[in-house]
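Worksheet for the structure shown next.
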Amino acid sequence: MPFTAEDAHALVRETINTSLRHAGYTRTVDLRTAYMTIYTGQCWPDFLSRFTRREDEQAFKQRLDLTFQNLSSVASPVVKKFGQISRIQDLKKGLNFEGTTDRDQRDLTDVLDNFRAEGLSRKGSLDDYLSQVYDTVSLYDPNAFIVLEFAPFRADLGERARPYAVLYESPQVYNFRYTRGELDFLLVALEQSFKTTENKTLTLTDLILYSGPFQVRYYQLHDDVDRIDIPDGENWVSDAAVPYRMAQFAPMVEETPAVRLGDLPDAQTHGLTVVSRAFHSALDQFRELMNVKSRSDLVSWLHGFPRLTEYALPCPGEIENGYRVGCNEGRHPTSGQKCRECGGTGFQAHRSEQDRIRFPLTQNMMASEMLKLSELSHTDKPDWETVNGFVELVEGIQSKIYLTIFSTDYQLKTSGQIAIAKTATEVAVTRDDINNTLLPYADQKSVVYKAIVRHTASLMNVSGEVKPLYEFPRDLKMASIGELQNDLKLARESNAPAFLIEQILDDIARKTYESDPTALHHYFIKKQHIPYFALTLEEFEYFDSTGRIPADMAVLWANSDIIFGELEISSPTFYDLPYAERDALVMEKVRALQARLPQGVSMSRIGQQPQEVEG
């Protein structure tokens, strides 16, 4: 059923009069609060439960004061791992134009390369924008929407719309409707602060309904605020006597210019809303972690300090007129004031290591009446067994969190401990598990990117068709350099084929030059010219000693760093040349090096003693 402008006005007015929200609104706001608690650590007391039988409100407050939250630190590796998709170098990206003009292509490319967004702190491309917004907001608020807007422009002067992005998070998303995967409309709230005539701050809430062919806005009015930011139009007054200015715009596009960040359906709302791919599966474990961590901190405070038990002499009291007046359990015997000698403790204070403690010794004192000096005090060691028990429990929950988020298949022992984790801090998550977890997240980023490009082209009235390409590889290659080097070692020890070893070497290069695409490009160019790329030194020497390697190839293999280093200086554009021209320059350097070698040396005996050639 088509959604008309009349339907839009009726929905906005009903929302204002009855506080209507979509069916999953409370759920999305609550989840956003929970995810944000995990992400930042703020509002962490909301995750704690009070054991009312043993903990009154005062004791619970004391536990809060003694707790150090660790939610954000536990979530940090998860956030960093999800953020690594923005550094994938095998990303296929581009724009395919069909039936568009040169100006269309130029203008659209300029908008995407210099993408603008409301509230963005820095300029950059659409890629840069999504690295800031999608890689963060989608983790704690997957139900947020990115909407494409544009400022007024003069079409009669040849200007065209320049779309920019506006982010609306879950509390601002009042209503929406999807029909067979297409967004029919999106109703959001926008709060703005104004100065009244009495210089007070007043917050007004505007409602905006986005649809394809039209956009409806209701601007809240107030007698003490002069709103010069709104267009002329008719006013409407709500049932609560709140005035609004109505406005309707006609972008005249087919689709609602908005896209939701998340994609994983929420079973509780029957797929109406979505949940976080990063945090939702382990949400209850994060709550458990915070409760156990809170009790662990309390136990550490109670049992982690040494306790000193000692005999102490009673305080002799203050000196007045040359005599001790005595001490009555820390009080002056006559005035009742706190004794200045002992500070109100009632015991003689041992002020420094140089002080001496003397006990009276009489001639008739029996040995049994004497105390051994070593028994005057006793120190109870901390109950580390109890403290460490809680520490191990916290670490075990942390391990389960990482396994729940990333692992797709793990076995549990009957004792409840994770079978594949050697210790509480060793979390065994395979690279395939990580890839399987991150790939749908990366694919959704591709969906968001393509939607923004498509909506941008539509709002700019680009002729023809624009087909954006933004595809992540099926293998995200998330392994560390250490893991790849171990793979390389195992591959060589198992006599793996050369192509497999080359793939691992390529992955190591991608990881090494992750932040230097120019160096990575140079690596692959060099690889086109260097023969026997996957061989180790020992393997190369063996093949060369048996006469299987031509002399010029041996010189190139052994002197590749020198050859390419000289070419980078003598031919600055070397890496931009066609292959044939590059190859000619490389072989010219090889022949020059060959000419400099001693004539009596056989190049098929590298690593052996030179042999004279009879002539």
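The values are calculated or read from the model by the stated rules, or taken from the named source; none is laboratory data. Note that this is a predicted model, so its numbers are computed, not measured. All Cβ positions, glycine included, derive from the backbone under ideal geometry; neighbour counts span all protein chains shown. For the accessible areas, the whole protein counts, side chains as well, though only heavy atoms, and no ligand, DNA or RNA atoms are used. Shrake-Rupley method; radii C 1.70, N 1.55, O 1.52, S 1.80 Å.
What does the helix-only formula give at 222 nm for the chain: each DSSP H stretch with n ≥ 4 adding -39500 (n - 2.57), the total divided by the residues, and the result rounded to the nearest 500 deg cm²/dmol? Walk me through the numbers before you get to the answer.
On the way: 16 runs with 240 residues, N = 615.
Taken over the chain, the calculation gives -13000 deg cm²/dmol.
What FRET efficiency do you get for TYR323 and THR345 if R0 is 25 Å and r is their Cβ-Cβ distance, rounded to the nearest 0.05?
Numbers: r = 21 Å, r/R0 = 0.86.
After rounding, the FRET efficiency stands at 0.70.
How high is the FRET efficiency from SER545 to ALA595, r the C-beta distance, R0 30 Å, rounded to 0.05?
Values: r = 23 Å, r/R0 = 0.77.
The formula returns an efficiency of 0.85 here.
Given a 1.4 Å probe and the protein chains all in place, what does the accessible area of LYS526 round to, in Å² to the nearest 10?
60 Å²
Can you work out the accessible area per residue across the chain, with the rest of the protein chains kept in place, probe 1.4 Å, in square angstrom? Show your work: numbers first, answer last.
Details: 35910 Å² over 615 residues.
Averaged over the residues of the chain, the accessible area is 58 Å².
Work out how much length ALA151 to ILE525 would gain on full extension: take 0.36 nm times their residue separation and subtract the Cα-Cα distance, in nm to one decimal.
Values: separation 374, 0.36 × 374 = 134.64 nm, distance 4.53 nm.
Here the answer is 130.1 nm.
Sketch the reach of a paramagnetic label on PHE194 as a point 7 Å from Cα along Cα-to-Cβ, and name the residues of region 204-245 whose backbone nitrogen lies under 12 Å away.
Under 12 Å, as judged by backbone N against the label point of PHE194, lie 204-206, 219-231, 243-245 of region 204-245.
If the cut-off is 26 Å between C-alpha atoms, which lysines fall inside it for LYS293, apart from same-chain ones fewer than 8 positions away?
LYS61, LYS80, LYS81, LYS381, LYS400, LYS413, LYS422
HN-Hα J couplings of region 326-341 from phi, Karplus 6.51/-1.76/1.60, θ = phi - 60°, integer Hz, Gly and Pro as x?
Rounded to whole hertz, the list is x, 9, 9, 6, x, 10, 5, x, 10, 7, x, 6, 4, 5, 7, 6.
Packing-wise, with mean Cβ within 10 Å as the measure, how do 439-448, 19-28, 541-550 rank, highest first?
With the highest mean Cβ count within 10 Å placed first, the list reads 439-448, 19-28, 541-550.
So if each residue of separation counts as 0.36 nm, and I subtract the Cα-Cα distance between THR136 and LEU537, what length gain in nm does that give? Intermediate values should be presented prior to the final figure.
Values: separation 401, 0.36 × 401 = 144.36 nm, distance 4.56 nm.
Residue separation times 0.36 nm, minus the Cα-Cα distance, leaves 139.8 nm.
So how do SER515, SER138, SER131 rank on accessible area, 1.4 Å probe, biggest first, that is with the largest at the start?
SER515, SER131, SER138
Each residue of region 208-215 in turn: what ³J(HN,Hα) in whole Hz from Karplus with 6.51, -1.76, 1.60 and θ = phi - 60°, glycine and Pro shown as x?
Each residue of region 208-215 in turn: 10, 10, 9, 9, x, x, 8, 9 Hz.
So how far apart, in nm, are the two label points at ASP516 and ASP383 if each is 7 Å from Cα heading toward Cβ?
Result for the modelled spin labels: 5.7 nm.
Can you give me the distance in nm between label points at THR40 and TRP301, each placed 7 Å from the Cα along the Cα-to-Cβ direction?
Between THR40 and TRP301, the simple spin-label model gives 2.5 nm.
Return the FRET efficiency for the residue pair TYR311, VAL225: r is the Cβ-Cβ distance, R0 is 51 Å, and the value is rounded to the nearest 0.05. Show your work: numbers first, answer last.
Numbers: r = 75 Å, r/R0 = 1.48.
That pair, TYR311 with VAL225, gives E of 0.10.
If you take the square roots of the eigenvalues of the alpha-carbon gyration tensor of the chain and sort them as a ≥ b ≥ c, do you get rounded (a/c under 1.5), prolate (a/b over b/c) or oblate? Write out the running numbers ahead of the final one.
On the way: a/c = 2.63, a/b = 1.19, b/c = 2.21.
Since a/c reaches 1.5 but b/c is at least a/b, the shape of the chain is classed as oblate.
So between ALA250 and HIS9, what do we pick up on full extension, going 0.36 nm a residue minus the alpha carbon distance?
On the way: separation 241, 0.36 × 241 = 86.76 nm, distance 1.42 nm.
Stretched fully, the ALA250-HIS9 segment lengthens by 85.3 nm.
Between THR109 and GLN84, how many nm apart are label points set 7 Å from Cα along the C-beta direction?
With each label point 7 Å from Cα toward Cβ, the separation is 3.4 nm.
For region 152-230, which trypsin sites (Lys or Arg not before Pro) pass both filters: DSSP loop (anything but H, G, I, E, B) and at most 13 other C-beta atoms within 10 Å? Intermediate results must be reported in sequence, preceding the final value.
Details: sites: ARG154, ARG160, ARG177, ARG180, LYS195, LYS200, ARG217, ARG227; in loops: ARG154, ARG160, ARG180, LYS200, ARG227.
Here the trypsin sites (Lys or Arg not before Pro) that fit, given the DSSP loop and packing criteria, are ARG154, ARG180, LYS200.
At 1.4 Å probe size, with the rest of the protein present, what percent of the exposed accessible area of region 481-596 is carbon and sulfur atoms? Provide the component values of the computation, followed by the final result.
Working: 3630 of 6650 Å².
About 55 percent, which is the carbon plus sulfur part of the accessible surface.
Ignoring ligands and nucleic acids, what accessible area does GLU159 show with a 1.4 Å probe (Å², nearest 10)?
Per-residue accessible area (GLU159): approximately 90 Å².
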